[in-house]
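To start, the structure itself, in structure tokens.
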Amino acid sequence: MTDTMEKIGLIIFSIFFLIDLNAQKNETVTLTSEQLKQIKAKATELYQALDRVTPGEGSAPPSDAFVLFDGSSLDPWQKPFFEYSGSMAEYAEWLPALKRGPYNTRPADWQLEKGEMVAVPGAGHLVTKELFGDVQFHIEWLAPENTTKKGQDYSNSGIFFMGLYEVQILNSFDNETYSNGQAGAIYKQHTPLVNTTKPPGNWQRYDIIFSTPKFSEKGDLLSSARMTVFHNGVLIQNNVSLLGPTCYIGQAHYIKHPEELPILLQDHGNPVRFRNIWARKL
Ligand code: MG
């Protein structure tokens, strides 16, 4: 009996040793049905202690979220020390020299009105004081009704992860523009899968997963930035790979930058409104 048990033990050990060895070589092992029969269910069960997160009730953030705006204060935000330029040539001028934060600048100067954060046309962008790398991000935004505006001028704003990689905010309800620049576009890189924009005057939400690009010590790109975006609960960007920082003009390419940077909200000359902004570091 003991002999048989030892043999079974040895077979199971050999199988897992083989699987592990081949996993390291990136090869798949096909086990015989006889070998598969030797594996107990328990052998593939993991017991790992997980952090507990309490989900938010209603629109409240989950317990481990970093709250960026809850209606009470603009304090988590400040003026950027770097401006989104939209030009790859300008990125190339300042990005290589950018040192790791924190970056302390001047207080945020957008409006706080009825518990909402309102972009002030001409005031410039805002950035978070907190720095983020990989992140799950939630934001609610409202494009005010305006019959005189159209195209890219109708409630344009945007969320720039790391101050560099934009998910477009725009009124895209009955408002024609280029499809890779409409609401939910990874600006000029990925058109959203569908248009699920509500009419102006309605609150809308984005839930975004952003993964930073990874660079080698000497600055070679190891993996691209990626984004998944839900607009009003509908998947509109499915783990897409970015070509580099957002460019208004020209072709994007990667330039090495710090692993954590602020999240930027764009002033594009329109009084877009925001509420309930939070982020979970991943
Ligand atoms: Mg924009």
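Every number here is computed from the coordinates shown, using simple stated rules; none is lab data. Being a predicted model, the structure only gives us computed values, none of them experimental. Neighbour counts run over all protein chains shown; Cβ positions are idealised from the backbone, glycine included.
Overall shape: prolate for the range 189-282, with the ratio a/c of the largest to smallest alpha carbon gyration tensor axis at 1.5 or above and a/b above b/c. Packing-based ranking of 245-254, 262-271, 90-99 yields 262-271, 245-254, 90-99, ordered from highest to lowest mean Cβ neighbour count within 10 Å. Near the amide H of Ser157, within less than 5 Å, lie the amide hydrogens of Ile169, Leu170, all on another chain or at least 5 residues away, with H placed in the peptide plane.
Near the amide H of Gln237, within less than 5 Å, lie the amide hydrogens of Leu193, Val229, all on another chain or at least 5 residues away, with H placed in the peptide plane. How high is the FRET efficiency from Asp51 to Lys99, r the C-beta distance, R0 41 Å, rounded to 0.05? According to the calculation, E is roughly 0.85. Most tightly packed first, judged by the mean number of other beta-carbon atoms within 10 Å of their residues, the peptides 103-110, 137-144, 150-157, 189-196 read 137-144, 150-157, 189-196, 103-110. Across the range 152-168, coupling constants 3J(HN,Hα) worked out from phi with the 6.51/-1.76/1.60 Karplus curve, θ = phi - 60°, read 5, 8, 9, 6, 7, 8, x, 10, 9, 5, 6, x, 10, 10, 9, 9, 6 Hz, and Gly and Pro carry x. Taking amide hydrogens as placed 1.01 Å from N in the peptide plane, the amide H of Glu116 sits under 5 Å from that of no residue at least 5 positions away in sequence or on another chain. When only alpha carbons are used to place a centre, the range 238-273 and the range 89-132 end up 13 Å from one another. Within 15 Å, Cβ to Cβ, of Pro213, how many net charges do the neighbouring residues add up to if Lys/Arg are +1 and Asp/Glu are -1? Here the count lands on -2. Each of Gly158, Ile186, Phe215 was placed along the dipole of the range 66-281 (beta-carbon charges, centred on the mean Cα), and the one lying farthest toward the positive end is Phe215.
Peptide packing: for 43-52, 216-225, 203-212, 160-169, the average count of neighbouring Cβ atoms within 10 Å per residue gives the ranking 160-169, 203-212, 216-225, 43-52, highest mean first.
Put a plus charge on the Cβ of each Lys and Arg, a minus charge on the Cβ of each Asp and Glu, and nothing anywhere else: the dipole of the chain about its Cα centre is then about 140 debye. Taking a ≥ b ≥ c as the square roots of the eigenvalues of the Cα gyration tensor of the chain, is the shape rounded (a/c under 1.5), prolate (a/b larger than b/c) or oblate? Here the chain falls in the prolate category. 3J(HN,Hα) along the range 123-128: 6, x, 6, 10, 10, 6 Hz, from the Karplus curve 6.51 cos²θ - 1.76 cosθ + 1.60 with θ = phi - 60°, whole Hz, x for Gly and Pro.
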